[in-house]
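Below is one structure, written out as structure tokens, with a few remarks after it.
The values are calculated or read from the model by the stated rules, or taken from the named source; none is laboratory data. Because the structure is a prediction, the values reported are computed rather than measured. Cβ placement follows ideal geometry from the backbone for every residue including glycine, while neighbour counts extend to all protein chains displayed. Surface accessibility is based on the protein's heavy atoms, side chains included, excluding ligands, DNA and RNA. Shrake-Rupley method; radii C 1.70, N 1.55, O 1.52, S 1.80 Å.
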Amino acid sequence: MAFSEFRPLDEKVLIEYIKATPSLASKLGNKFDNLTIKEVGDGNLNFVFIVVGSSGSFVIKQALPYIRCIGESWPMTKERAYFEALALKEHGSLSPDHVPEVYHFDRTMSLIGMRYLEPPHIILRKGLIAGVEYPLLADHMSDYIAKTLFFTSLLYHNTTDHKKAVAEFCGNVELCRLTEQVVFSDPYKVSQYNRWTSPYLDSDAEAVRGDNALKLEVAELKSLFCERAQALVHGDLHTGSVMVTHDSTQVIDPEFAFYGPMGFDIGAFLGNLILAFYAQDGHANDQNDRKAYKAWILRTIENTWNLFDRKFLALWDANKDSGDAYLPAIYNNPELVQLVQKKFIEDLLHDTLGFGAAKMIRRIVGVAHVEDFESIADASKRAGCERRALELAKLLLKERKRFQDINEVISAILQHQ
């Protein structure tokens with residue numbers, strides 16, 4: 001067999017590989033004559049090939065043993081493909097409408113074959129920059145988040161199964177360490193990898209590095225991230241990890257998946273929507289002031305959280321005899337169950353705001369930025385948008401525990417625009 005050891009793919013090798021792999025060849029009806037193959041990996045870490053034949057299609061994603069956008073000077077385990085495939089299958093079984101199906105996984109080649117999300121699917125972040133409204137986004141994302149988090153937590157698992165699953169995903173430590181570095185460490189110190197819109201944000205970046213109160217809170221969030229194996233989180237759930245059409249929402253790229261705090265996923269998604277909100281002023285022009293669109297983003301943030309809250313508690317109520325977290329023999333009256341649920345959701349909102357804010361900060365003064373801001377050509381205008389987002393993020397991170405509901409968060413966002 002020609003593929004008994006790892007080799008990076010190119011088109012020629014890929015065709016050879018497909019022919020030798022029945023689960024992929026059959027998706028193309030075993031017809032290889034007029035295949036179109038396009039490498040589209042705009043991400044930082046992987047090769048991504050779209051393969052389209054006359055009677056079928058799929059995507060091939062291959063993890064490289066280094067960070068692609070930096071090169072071999074920053075090595076990175078290709079084992080992450082194993083955890084991505086595992087998470088796609090696990091989350092896909094829990095939320096099949098919102099996760100692309102996996103057709104094939106090859107651990108040696110660090111390669112996943114999965115459903116091609118055909119046009120008009122685009123990356124959500126690009127839709128947000130273009131000012132496109134997605135009426136079902138909040139409904140779909142709240143559904144995906146509620147199901148994937150609930151069914152992989154101790155509200156549903158017993159502790160034996162949970163520990164086993166946690167142990168399995170502990171193997172993804174290298175990608176967790178990358179997150180620890182870029183989200184919880186680099187933005188708060190001098191680091192060669194940090195960058196920001198200079199010179200405009202020089203003093204803002206310095207203020208982050210000198211903010212004792214902020215660093216105290218970041219330490220608490222880092223500790224939660226590293227120590228709290230609450231549920232199987234996607235681990236990188238920003239608006240670049242979601243593909244959308246008017247009526248479809250698909251979550252991709254869970255290579256950072258591990259058992260961590262639920263708020264890390266919800267926070268990543270909502271934090272990136274808040275960044276999109278603050279970027280809108282930089283995309284406004286005489287034809288479109290983007291005010292109506294900004295209102296839509298805020299409604300989407302509010303609806304995503306409120307629908308999540310409702311769906312998560314409905315799953316809890318429907319499965320209250322499962323899971324080792326709250327044994328029915330102890331939590332044996334409706335008042336008590338309601339108290340427990342209220343506290344759980346409140347704590348989760350606070351975690352969500354903390355992690356969301358940390359993700360916002362690192363996108364403004366850390367290594368990897370977001371296209372929402374980067375695509376604003378006028379640097380001074382871009383810096384203005386980024387500064388407002390940064391101020392809000394610092395407030396959310398430091399004062400997250402005083403927010404009682406999502407409406408208070410929306411008010412804070414509006415006060416900082």
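Brief remarks on what is shown
- Top-ranked residue of segment 29-46 - restricted to ones that are in a loop (DSSP other than H, G, I, E, B) and modelled with pLDDT of 90 or more, ranked as surrounded by the most Cβ atoms within 10 Å (Cβ to Cβ): LEU35
Residue-by-condition table, conditions (1) assigned by the TED database to the domain that holds GLU386; (2) over 13 Å from the mean Cα position of the chain (by Cα); (3) closer than 30 Å to MET76 by Cα:
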{"position": "PHE184", "(1), (2), (3)": "yes, yes, yes"}
{"position": "SER191", "(1), (2), (3)": "yes, yes, yes"}
{"position": "VAL218", "(1), (2), (3)": "yes, yes, yes"}
{"position": "ALA229", "(1), (2), (3)": "yes, yes, yes"}
{"position": "HIS234", "(1), (2), (3)": "yes, no, yes"}
{"position": "VAL244", "(1), (2), (3)": "yes, yes, yes"}
{"position": "VAL251", "(1), (2), (3)": "yes, no, yes"}
{"position": "ASP286", "(1), (2), (3)": "yes, yes, no"}
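- Among residues of segment 363-372, those that are part of a helix (DSSP H, G or I) and open to solvent by 20 Å² or more (accessible area, probe 1.4 Å), counted: 2
Residue-wise test of (1) closer than 23 Å to LEU237 by Cβ; (2) surrounded by fewer than 18 Cβ atoms within 10 Å (Cβ to Cβ).
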{"position": "LEU339", "(1), (2)": "no, yes"}
{"position": "LYS343", "(1), (2)": "no, yes"}
{"position": "ILE361", "(1), (2)": "yes, no"}
{"position": "GLU374", "(1), (2)": "yes, yes"}
{"position": "SER380", "(1), (2)": "no, yes"}
{"position": "ALA389", "(1), (2)": "yes, no"}
{"position": "LYS401", "(1), (2)": "yes, yes"}
{"position": "ASP405", "(1), (2)": "yes, yes"}
{"position": "ILE410", "(1), (2)": "yes, yes"}
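Residue-wise test of (1) over 30 Å from ALA377 (Cα atoms); (2) of a type in the set (Gly, Ala, Ser).
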{"residue": "TYR144", "(1), (2)": "yes, no"}
{"residue": "LEU155", "(1), (2)": "yes, no"}
{"residue": "LEU175", "(1), (2)": "yes, no"}
{"residue": "GLN192", "(1), (2)": "no, no"}
{"residue": "ALA213", "(1), (2)": "yes, yes"}
{"residue": "LYS222", "(1), (2)": "yes, no"}
{"residue": "HIS238", "(1), (2)": "no, no"}
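Condition check ((1) out of contact with any strand residue (DSSP E or B) (no Cβ under 6 Å at 6 or more places or on another chain); (2) surrounded by 18 or more Cβ atoms within 10 Å (Cβ to Cβ); (3) more than 23 Å from ALA393 (Cα to Cα)) across all residues:
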position	(1), (2), (3)
THR160	yes, no, yes
LYS164	yes, no, yes
ALA167	yes, no, yes
CYS170	yes, no, yes
CYS176	no, yes, no
VAL183	yes, yes, no
TYR188	yes, yes, no
TRP196	yes, yes, no
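- Annotation note: of ALA329, ALA292, the sole residue that is assigned by the TED database to the domain that holds ALA379, open to solvent by 40 Å² or more (accessible area, probe 1.4 Å) and more than 22 Å from GLY131 (Cα to Cα) is ALA329.
- All conditions but one from (1) in contact with a Leu (Cβ under 7 Å, 6 or more places away or on another chain); (2) over 30 Å from SER4 (Cα atoms); (3) not β-branched (Val, Ile, Thr) apply to GLY131; the one that does not is (1).
- Residue check for LYS401: assigned to a helix (DSSP H, G or I) and either touching an Asp or Glu at 6+ places or on another chain (Cβ under 8 Å) or at pLDDT below 95 (or both): no
- Of all residues in segment 216-243, those that are farther than 22 Å from ALA368 by Cα have Cβ atoms under 9 Å from Cβ atoms of residues that are polar (S, T, N, Q) and part of a loop (DSSP other than H, G, I, E, B), 6 or more apart or on another chain, in LEU224/GLN230; GLN230/THR152; GLN230/SER153; ALA231/THR152; ALA231/SER153; LEU232/THR152; LEU232/SER153.
- Residue identified as in contact with a helix residue (DSSP H, G or I) (Cβ under 6 Å, 6 or more places away or on another chain), over 27 Å from GLY271 (Cα atoms) and not hydroxyl-bearing (Ser, Thr, Tyr) among GLY113, GLY71: GLY113
- None of LYS126, LYS163 is more than 30 Å from LEU298 (Cα to Cα) and in a helix (DSSP H, G or I) except LYS163.
- Matching residues, segment 104-139, being farther than 12 Å from GLN250 by Cβ and free of Cβ contacts under 8 Å to residues at least 60 places away in the same chain: PHE105, ARG107, ILE112, PRO119, ALA130, VAL132
- Close contacts from segment 3-28, counting a first residue that is in a helix (DSSP H, G or I) and a second that is of a type in the set (Asp, Glu), with Cβ to Cβ under 9 Å and a gap of 6+ residues or different chains, come to GLU11/GLU39; TYR17/ASP106.
- Residue check for PHE150: farther than 29 Å from TYR278 by Cα, crowded, with 21+ Cβ neighbours inside 10 Å, outside the structural domain of PRO261 (by the TED database) and touching a Phe, Trp or Tyr at 6+ places or on another chain (Cβ under 7 Å): no
- Among the conditions (1) at positive phi; (2) open to solvent by less than 20 Å² (accessible area, probe 1.4 Å); (3) among the acidic types (Asp, Glu), the only one that ASP253 does not satisfy is (2).
- Residue within segment 70-77 that is assigned to a strand (DSSP E or B), open to solvent by 30 Å² or more (accessible area, probe 1.4 Å) and out of contact with any strand residue (DSSP E or B) (no Cβ under 6 Å at 6 or more places or on another chain) present: yes
- For segment 205-218, the candidate set comprises residues that are open to solvent by 20 Å² or more (accessible area, probe 1.4 Å) and touching a helix residue (DSSP H, G or I) at 6+ places or on another chain (Cβ under 9 Å); within that set, the residue that is farthest from VAL233 (Cα to Cα) is ALA207.
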